[in-house]
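For reference, the structure discussed in these notes is given below.
The values are calculated or read from the model by the stated rules, or taken from the named source; none is laboratory data. Computed from a prediction, not measured in an experiment: that's the story for all the values here. Methodologically, a virtual Cβ is constructed for each residue, glycine included, from the backbone with ideal geometry; neighbour enumeration extends over all protein chains shown. SASA here: full protein model, heavy atoms, side chains in, ligands and nucleic acids out. Shrake-Rupley method; radii C 1.70, N 1.55, O 1.52, S 1.80 Å.
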Amino acid sequence: MNKKIKIKSILSGDFNDEIVVIKGWVRTRRDSKGGFSFVELNDGSTFDNLQIIAPDALPNYESDVKKLLTGSSVEAKGKITESQGKGQAVEMLAESIKVHGFIDEDYPMHKQRMSFEHLRDNAHLRPRTNSFGAVARVRNAAAMSIHEFFQLRGFLWVSTPLITASDCEGAGEMFKVTTLDLKNPPLNEGGEVDFHEDFFNKPSYLTVSGQLNVENYACSLGDVYTFGPTFRAENSNTSRHLAEFWMVEPEMAFADLDDDMDLAEEFVKEVISSTIKKCPRDLAFFDKRIQPGLIQSLEHVVSSKFARITYTDAIDIFLKSGQKWEFPIEWGNDLQTEHEHYLTETHFKKPVIVYDWPTSIKPFYMRVNDDGKTVRAMDVLVPRFGEIIGGSQREERLDILDKRIEEQNMNKEDYWWYRDLRRFGSVPHSGFGLGFERLMLFLTGMSNVRDVIPFPRTPGNARF
Ligand code: 4AD
Ligand code: MG
């Protein structure tokens, strides 16, 4: 086989007047009266297609070229020349066209615009569309930018386990992992399932967060992060919740909540601006077709100084706003989307970090403030979107941590290794979690989280 050249490098002018081989999938074919066909080929390397001129002098013109339909796979060899036509700078004049695979009649991808529902039903083929090709490239670029951000600052990437026995967020939204026979599980004397006979000798789950583990590494190595899949069995069928999503979780030793907020702000800005630089063509498409004004709103976030207010001050703003709320707000309640939007879009008109949240609505590991009523937690909210990051300073005092564990009816013994960090050289430390798909929604302007991860898992759906 001839070495293939990516369409991206051909379109950037690197191969003008050279003979090259390209391989990809047909987007469209149009036959001209002048004795040739136009075939638009896409190979995934970039948003745009390469136009191939296929003359009827090709030996397989009638037998193959005239049968090419959207989705056929093709290898084409020919000279790259300046295009005579409008719409593209260069094109290929084909010397040979080899067809790898034709299309069965029931191919579900059409040239015409298709609904996102139809594309979800065909998640195995949707990366062949403009939107999903662009999503895949932006996702790849954003992941690279995240690693670069941390690597440049000396953070170590730590792989935390996906199977765990502890519930980090204490919300009881975990998937069980078991090899027991569900029809006939072993029972103990009390008649309950005997997990001593299970694979891990105890109940185990898919993790909701890598935080507890990554805290251990921060408290030995300083600055670390984990980036991997997490799982939540929360039965919420919304456009922002997935049962399996990716999370980035940095953790810093010798850092308080101010350091954490500084890192989060710098991180959001840098990952956005670096992704814009890596994917200008894809973002131009999202800006034009999916979310008009997208790039401007991203640039606005990059150039803004994020507002920082306490939860208590935020409640004051809501109460004094004169707004009619769908969910009435009072001190102690969690914020709803309408409140997040009010802060970022109406009141501050830029990203906002809300910190010092009520103890009663936050997990056990957050550091308790001197007032006893609030914890050192922070959420980063961005315009047109809402919460993108949740983080906190961690409780480094063993007696207070133990009290919190008890208050939440958790089992202290299960967390012995986490508690040990507070006994052996305890330090103030802080971190946060960014939902990668939430970032993707924000970056692309797509409106459903099912469309920014290749194969979404949601209640009732683990297809593909
Ligand atoms: O606020 P959360 O639950 O925080 C944690 O899990 C902490 N342990 C993080 C840490 O401090 N290391 O989740 C963090 C982020 C949210 O802000 C949101 O962006 C995303 O994860 N997220 C989800 N994304 C998609 N689907 C879901 N079901 C999500 N739940 C949370
Ligand atoms: Mg949160």
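Assign one of three labels to the stretch 206-355, namely rounded, prolate or oblate, based on the Cα gyration tensor with a ≥ b ≥ c the square roots of its eigenvalues; rounded applies when a/c is under 1.5, prolate when it is not and a/b is larger than b/c, and oblate otherwise. It comes out rounded by the Cα gyration axes. Computed about its Cα centre, the charge dipole of the stretch 325-405 is approximately 260 debye, with only Lys, Arg, Asp and Glu carrying charge at their Cβ. Using R0 = 25 Å, the C-beta based FRET efficiency linking E330 and E387 works out to 0.80. Scan the stretch 52-133 for trypsin sites (Lys or Arg not before Pro) in coil per DSSP, keeping those whose Cβ has at most 13 other Cβ atoms within 10 Å, and list them by number. Sparse-neighbourhood loop trypsin sites (Lys or Arg not before Pro): K86, K111, R113. For K33, the lysines whose Cα falls under 29 Å of its own Cα, not counting residues fewer than eight places away in the same chain, are K23, K66, K67, K77, K79, K86, K98, K111.
Under the combined filter of DSSP loop state and at most 15 neighbouring Cβ atoms within 10 Å, the stretch 305-386 retains these chymotrypsin sites (Phe, Trp or Tyr not before Pro): W325, W331.
Other residues lying with their Cβ under 11 Å from the Cβ of I5 contribute a combined charge of +3, Lys and Arg counting +1, Asp and Glu -1. Put +1 on the Cβ of every Lys and Arg and -1 on every Asp and Glu Cβ in the stretch 312-464; which of M410, S392, P328 then has its Cα farthest towards the positive end of the dipole? Of the candidates, S392 comes out farthest on the positive side.
At an R0 of 22 angstrom, the distance between the Cβ atoms of E105 and N60 translates into a FRET efficiency of 0.55. Taking a ≥ b ≥ c as the square roots of the eigenvalues of the alpha-carbon gyration tensor, the stretch 1-126 is classed prolate because a/c is 1.5 or more and a/b outweighs b/c. Per-residue extension of 0.36 nm, minus the Cα-Cα distance of N411 and L187, leaves a gain of 78.5 nm for this segment. Net length available on complete extension from D259 to F455 is 67.0 nm, with 0.36 nm assigned per residue and the Cα-Cα distance removed. Applying a DSSP loop filter and a limit of 12 other Cβ atoms within 10 Å to the GluC sites (Glu not before Pro) in the stretch 64-129 leaves E105. Give the shape of the stretch 248-320 as rounded, prolate or oblate, defined through the alpha-carbon gyration tensor: a ≥ b ≥ c are the square roots of its eigenvalues, a/c under 1.5 means rounded, and otherwise the shape is prolate if a/b is larger than b/c and oblate if not. Because a/c hits 1.5 or more and a/b fails to exceed b/c, the stretch 248-320 counts as oblate. One equal scatterer on each Cα of the chain, no solvent, Debye formula: the resulting log10 I(q)/I(0) at q = 0.13 Å⁻¹ is -1.19.
Per-residue 3J(HN,Hα) values for the stretch 62-73, derived from phi via the Karplus relation 6.51 cos²θ - 1.76 cosθ + 1.60 with θ = phi - 60°, read 6, 6, 10, 4, 6, 9, 6, 10, 3, x, 5, 9 Hz in sequence order (x marks Gly and Pro). Counted residue by residue at 0.36 nm each, then reduced by the alpha carbon distance between them, the extension gain from E148 to D420 reaches 94.7 nm. Under a 1.4 Å probe, what is the accessible area of the stretch 146-209 per residue, stated in Å²? Averaged over the residues of the stretch 146-209, the accessible area is 64 Å².
Close amide-amide hydrogen proximity is noted between G433 and G390, G391, each under 5 Å apart and 5 or more residues distant or on a separate chain (H modeled in the peptide plane; Pro and chain starts excluded). Treating r as the C-beta distance of Q88 and H118 and R0 as 22 Å, the FRET efficiency rounds to 0.15.
Placing unit charges on each Cβ (+1 for Lys and Arg, -1 for Asp and Glu) gives the stretch 1-128 a dipole about its Cα centre, and among L125, Y107, Q84 the Cα reaching farthest toward its positive end belongs to L125. Counting heavy atoms of the protein chains alone, I97 has an accessible area of about 10 Å² for a 1.4 Å probe.
Each of G435, N201, F175 was placed along the dipole of the chain (beta-carbon charges, centred on the mean Cα), and the one lying farthest toward the positive end is G435.
Per-residue Karplus couplings for the stretch 326-341, computed as 6.51 cos²θ - 1.76 cosθ + 1.60 with θ equal to phi - 60°, are listed in order as 5, 10, x, 10, 9, 4, x, 8, 6, 7, 9, 3, 4, 6, 4, 5 Hz, Gly and Pro entered as x. Once both axes come from the Cα atoms, what is the angle between helix 257-278 and the longest principal axis of the chain, in degrees from 0 to 90, rounded to 10? Computed tilt is about 0 degrees.
Only the Cβ atoms of Lys and Arg (+1) and of Asp and Glu (-1) were treated as charged; on that basis the dipole of the stretch 111-191 about its Cα centre amounts to roughly 780 debye. Just to confirm the number: angle between the C-alpha axis of helix 398-407 and the first principal axis of the chain, 0 to 90 degrees, nearest 10? That works out to roughly 80 degrees. The magnitude of the dipole of the chain, with charges of +1 and -1 set on the Cβ of Lys/Arg and Asp/Glu and taken from the Cα centre, is near 2140 debye.
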